[in-house]
Amino acid sequence: MHADDPVQSHCGGQPMPRIKRSPKKQVIRPSGQLPDRLPTEISLPALAKLLGMGLTEAQGLAERGIFVRGNPGRYILEHSVASYCTHLRERIRTLL
């Protein structure tokens, strides 16, 4: 430690704590392709959280077939989101 080092003297002579950097956020590519690490299947609680709804509402949508089932306890993410968007568009049309 150097006596004239302002960082170490400010931290009581201890080295500065390491700052954890958050991973880069993935975005949809300009070509419209989804990022490589986006899961193909997702649990119902995770799908509900992604779409900003409660689990009970998501369970109702799953029972009505709006969310597309994959492996047991999983839903196909891309098809479920597309189906949910279609469902919302149809609901809007009925309200107009």
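Each row is one residue, and each column tells you yes or no for (1) among the polar types (S, T, N, Q); (2) at pLDDT below 95; (3) under 18 Å from Ser80 (Cβ atoms).
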| position | (1), (2), (3) |
| --- | --- |
| Ile19 | no, yes, no |
| Ser22 | yes, yes, no |
| Val27 | no, yes, no |
| Pro30 | no, yes, no |
| Gln33 | yes, yes, no |
| Leu44 | no, no, yes |
| Leu50 | no, yes, yes |
| Glu57 | no, no, yes |
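For the stretch 70-96, taking the residues that are of a type in the set (S, T, N, Q) and assigned to a helix (DSSP H, G or I), the one that is farthest from Leu50 (Cα to Cα) is identified as Thr94.
The values are calculated or read from the model by the stated rules, or taken from the named source; none is laboratory data. All values derive from a computational prediction rather than experimental measurement. With ideal geometry, Cβ positions are generated from the backbone for all residues, glycine too; neighbour counts draw on all protein chains shown.
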